[in-house]
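*Asks:* I am attaching a structure below and will ask some questions about it afterwards.
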Amino acid sequence: MKKEKVINLNFIKRFFVFIIGLFIMAFGVSFSVKADIGVSPISCVPYIYSLGFPLSIGEFTILLNALFMLIQIAILGKKYNLIQLIQLPAIILFGYCIDAAMILVENIVLSNYIEQLILCLISCVVLAFGILLVVKTRLTYLPLEGLVVVISQVFKKEFGKVKISMDSIMVIIGVISSFIFLNQLVGIREGSIIAALSIGALIKFFNTNLPFIEKWLTNEVIEKSNIENISNKYNETFIITISREYGSGGHEIGQFLAKELKIPFYDKELIDLTAEKTGYTPEYIQENEQKLTNSLLYDLYEQNFTYVNDELPPKDVLFLIQSKIIRDICMKESCIIVGRCANFILKDHPNCVNIFIHANNEYRKEKINKVYGVNPPFTDNDLKDSDEQRANYCTHFTKKDWRDVTNYHITLDSSLYGSKESAKKLIKLIKSRNL
C-alpha cells in the first residue's frame with residue numbers, strides 16, 4: 001500500500017510539472033510572436049497559417065501536432081503504443097494555452113528593435129525551460145519529437161539528423177506557405193535562427209544547472225556506500241593510461257610496458273568490448289571514437305537530443321559505454337589503457353599513472369607513412385587535423401585541454417628515443433619512483 005502511494009504521488013508530481021511546462025512553453029511561443037522578428041521552426045507553420053486563415057495559432061498548433069501523431073500511427077501501425085495517445089490531450093491543452101498567452105501579452109508594446117531582440121531572447125529562455133520540464137516528466141514526447149523518435153527507430157537513422165531534417169522541413173513549408181498565402185516572408189527571420197541555435201543549448205544548460213528538478217521528480221538518492229565501494233575496489237589495482245599524438249608510437253610503447261610489467265593491455269581491444277555492448281560494428285566504433293572534427297558544430301548537433309530524455313548522440317553513447325567498460329576493467333585488474341580519455345575517466349583512481357606521448361612531425365610522418373603504411377601519405381596538415389580532432393574530443397567530453405601537461409604525471413617525446421627505449425625509460429621511472 002505504501003509503495004502504491006509513493007507511485008501515485010510521483011505520477012501526480014510529474015503530471016503537475018508537465019502541465020506547468022506546457023503553460024511555460026505557451027508563453028515562450030507568445031513572446032516570440034510578440035517580438036515579431038521570427039519564431040522557432042516548429043511554431044512558424046502554425047503562426048503563418050493563423051495570419052492567412054480564420055483559425056488561431058493555438059488551433060493550428062493542435063492541427064499540426066495531430067498530423068504528427070497520425071504519421072506516427074501510420075508508420076508504426078499495430079506496433080503503435082496506445083499510451084502515446086496521451087499526446088492528444090497534451091497538444092490540445094498546449095494549443096489553447098498558446099491562445100490564452102497571446103491574449104495576456106497583447107498589451108506589451110515594443111518601441112524599437114532592441115526591445116524586440118530582448119523579448120526574442122526571453123522567449124527562447126522561457127520556451128527552453130518549459131521544454132525541459134515537459135521532457136523531465138517522461139510522461140510522453142511532444143508529437144514532433146515523438147515522430148522523430150519513430151522515424152529514427154523504424155528506419156535506423158540517427159535521431160539528431162532526423163530532428164534537423166524535420167526542423168528544416170518546417171522552415172521550408174513555412175517559407176513556401178508565407179509567399180503563397182501572404183505574398184511575403186513572415187514569421188521566419190533572425191529570431192528563427194536565434195531560436196534554432198539557442199533553445200537546445202538552453203535546455204542543456206538548465207539540465208546541467210538545475211539537477212534538483214530530476215531528483216525531485218524521480219526521488220533520486222545517491223548512495224555514498226556505492227561510491228565508497230568503487231573507491232575501495234580501485235585501491236586494489238594499478239593502472240597506466242597513455243594519451244598520445246597519432247604517430248608518436250603510444251600504442252607500441254604501451255605494449256612494451258604491458259609486456260615488461262606483465263599486466264593486460266587495452267587499446268583496440270576496447271573497440272571489440274564496446275561493439276558487444278552497443279551493437280555498433282567495430283568499424284563504426286573505430287571511425288567515430290576518440291575524435292571530433294569540430295567541437296562547436298557537434299555541440300549544435302548534440303542540442304537536438306535535449307528534446308527527448310532517453311536519446312543520446314552516438315558519440316556520447318560510445319564515450320559513456322567505453323567509460324563504464326574502462327572503470328569495470330580497472331576495478332578488476334591492473335592494466336594499461338591507451339587513449340579514450342582514460343586519464344579523466346579514472347581521475348579518482350588512487351593508483352593511476354597518466355602518461356602523454358608526443359613527437360615531432362617528421363618522426364610521426366615517417367612512422368605513419370612507412371610503419372603504418374597509410375596511403376595517401378600523411379602531411380603536416382593531416383597531423384594538425386588529427387591533433388585537433390583528438391583535442392576537440394577531449395574538450396567536449398572532459399572540458400579539459402588534451403595537451404595541457406598538468407593533466408599528466410609524465411610527458412615524453414618519443415622521437416628522442418624511439419618506442420622501445422621510451423618504454424624502458426618509463427619503466428625505470430615508474431619503478432624508481434614507486435609509482
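*Asks:* Hey, can you tell me all the residues within the range 390-399 that are over 17 Å from the mean Cα position of the chain (by Cα) and in contact (Cβ under 8 Å) with a residue 40 or more places away in the chain? Let's see the steps before the verdict.
*Replies:* Here is the first cut: in the range 390-399, the ones over 17 Å from the mean Cα position of the chain (by Cα) are 390-391.
Within the range 390-399, ARG390 is the sole residue that qualifies.
*Asks:* Can you name the residue in the range 225-259 that is aromatic (Phe, Trp, Tyr) and at pLDDT 90 or above and is also most open to solvent (accessible area, probe 1.4 Å) among such residues? Give the steps one after another, and end with the answer.
*Replies:* So in the range 225-259, the residues aromatic (Phe, Trp, Tyr) come out as 234, 238, 246, 256.
Right, trim to at pLDDT 90 or above and you get 238, 246, 256.
Values: PHE238: 49, TYR246: 60, PHE256: 75 Å².
Per the criteria, the residue is PHE256.
*Asks:* So, one more: Which one is farthest from PRO41 (Cα to Cα) among residues in the range 57-101 that are open to solvent by 10 Å² or more (accessible area, probe 1.4 Å) and small (Gly, Ala, Ser)?
*Replies:* Ranking the candidates gives GLY77 first.
*Asks:* While we're here: Which one of ILE199, ILE213, ILE193, ILE222 is aliphatic (A, V, I, L, M), farther than 30 Å from SER419 by Cα, modelled with pLDDT under 95 and exposed (fewer than 13 other Cβ atoms within 10 Å of the Cβ)?
*Replies:* Working: ILE199 fails: exposed (fewer than 13 other Cβ atoms within 10 Å of the Cβ); ILE213 fails: exposed (fewer than 13 other Cβ atoms within 10 Å of the Cβ); ILE193 fails: exposed (fewer than 13 other Cβ atoms within 10 Å of the Cβ).
Step by step, each of ILE199, ILE213, ILE193, ILE222 is checked, and only ILE222 is aliphatic (A, V, I, L, M), farther than 30 Å from SER419 by Cα, modelled with pLDDT under 95 and exposed (fewer than 13 other Cβ atoms within 10 Å of the Cβ).
*Asks:* Identify, by number, the condition in (1) in contact (Cβ under 8 Å) with a residue 60 or more places away in the chain; (2) under 27 Å from GLY418 (Cα atoms); (3) touching a strand residue (DSSP E or B) at 6+ places or on another chain (Cβ under 9 Å) that TYR372 doesn't meet.
*Replies:* If we test TYR372 against (1) in contact (Cβ under 8 Å) with a residue 60 or more places away in the chain; (2) under 27 Å from GLY418 (Cα atoms); (3) touching a strand residue (DSSP E or B) at 6+ places or on another chain (Cβ under 9 Å), just (3) comes out false.
*Asks:* Would you confirm, using the coordinates I've provided, whether LYS163 is over 27 Å from ASN209 (Cα atoms) and either in contact with a strand residue (DSSP E or B) (Cβ under 6 Å, 6 or more places away or on another chain) or not small (Gly, Ala, Ser) (or both)? Explain how you work it out, then say what you get.
*Replies:* On the way: over 27 Å from ASN209 (Cα atoms): no; either in contact with a strand residue (DSSP E or B) (Cβ under 6 Å, 6 or more places away or on another chain) or not small (Gly, Ala, Ser) (or both): yes.
No, not satisfied.
*Asks:* Can you spot a residue in the range 120-133 that is at pLDDT below 95, touching a Phe, Trp or Tyr at 6+ places or on another chain (Cβ under 6 Å) and open to solvent by less than 60 Å² (accessible area, probe 1.4 Å)?
*Replies:* yes
*Asks:* What's the total number of residues in the range 34-52 that are open to solvent by less than 20 Å² (accessible area, probe 1.4 Å) and under 16 Å from LEU119 (Cβ atoms)?
*Replies:* Within the range 34-52, residues that are open to solvent by less than 20 Å² (accessible area, probe 1.4 Å) and under 16 Å from LEU119 (Cβ atoms) number 6.
*Asks:* Looking at (1) open to solvent by 10 Å² or more (accessible area, probe 1.4 Å); (2) under 28 Å from the mean Cα position of the chain (by Cα), can you tell me which one VAL29 breaks?
*Replies:* Status for VAL29: all satisfied but (1).
*Asks:* Continuing with the same structure: Would you be able to say whether some residue in the range 392-404 is more than 29 Å from GLN322 (Cα to Cα) and open to solvent by 20 Å² or more (accessible area, probe 1.4 Å)?
*Replies:* At the first step, the residues of the range 392-404 found to be more than 29 Å from GLN322 (Cα to Cα) are none.
Within the range 392-404, none of the residues are more than 29 Å from GLN322 (Cα to Cα) and open to solvent by 20 Å² or more (accessible area, probe 1.4 Å).
*Asks:* On to the next question. Output the residues belonging to the range 173-189 that are open to solvent by less than 60 Å² (accessible area, probe 1.4 Å), in contact (Cβ under 8 Å) with a residue 60 or more places away in the chain and part of a helix (DSSP H, G or I).
*Replies:* Let us first name the residues in the range 173-189 that are open to solvent by less than 60 Å² (accessible area, probe 1.4 Å), namely 174-175, 177-178, 182, 186-188.
Imposing the further condition that a residue be in contact (Cβ under 8 Å) with a residue 60 or more places away in the chain reduces the set to 174, 177-178, 182, 186-188.
Those that are open to solvent by less than 60 Å² (accessible area, probe 1.4 Å), in contact (Cβ under 8 Å) with a residue 60 or more places away in the chain and part of a helix (DSSP H, G or I): GLY174, SER177, SER178, LEU182.
Here is a yes/no grid of residues against (1) farther than 30 Å from PHE205 by Cα; (2) of a type in the set (Val, Ile, Thr); (3) touching a helix residue (DSSP H, G or I) at 6+ places or on another chain (Cβ under 7 Å):
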| site | (1), (2), (3) |
| --- | --- |
| PHE256 | yes, no, yes |
| GLU276 | yes, no, no |
| LYS291 | no, no, yes |
| LYS315 | no, no, yes |
| SER334 | yes, no, no |
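*Asks:* Take the residues of the range 262-288 that are touching a residue at least 60 places away in the same chain (Cβ under 8 Å) and buried (at least 16 other Cβ atoms within 10 Å of the Cβ): which is nearest to SER323 (Cα to Cα)?
*Replies:* So the first thing to find is which residues in the range 262-288 are touching a residue at least 60 places away in the same chain (Cβ under 8 Å), and the list is 263-267, 270.
Next cut, buried (at least 16 other Cβ atoms within 10 Å of the Cβ) only: 263, 265-267, 270.
On the way: ILE263: 20, PHE265: 16, TYR266: 13, ASP267: 13, LEU270: 10 Å.
The extreme case among them is LEU270.
Every residue, every condition in (1) over 12 Å from ARG244 (Cα atoms); (2) over 27 Å from the mean Cα position of the chain (by Cα), yes or no:
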{"residue": "LYS324", "(1), (2)": "yes, no"}
{"residue": "LYS332", "(1), (2)": "yes, yes"}
{"residue": "ALA359", "(1), (2)": "no, yes"}
{"residue": "VAL374", "(1), (2)": "yes, yes"}
{"residue": "TYR408", "(1), (2)": "no, no"}
{"residue": "LEU426", "(1), (2)": "yes, yes"}
{"residue": "LYS431", "(1), (2)": "yes, yes"}
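*Asks:* May I ask you to say which residue of ASP272, ASP299 is at pLDDT 85 or above and among the acidic types (Asp, Glu)?
*Replies:* Answer to the selection: ASP272.
The values are calculated or read from the model by the stated rules, or taken from the named source; none is laboratory data. Being a predicted model, the structure only gives us computed values, none of them experimental. FYI the Cβ positions are ideal-geometry reconstructions off the backbone, even for glycines, and counts take in every protein chain you see. Side chains are part of the model used for accessible areas, which takes the heavy atoms of the whole protein and leaves out ligands, DNA and RNA. Shrake-Rupley method; radii C 1.70, N 1.55, O 1.52, S 1.80 Å.
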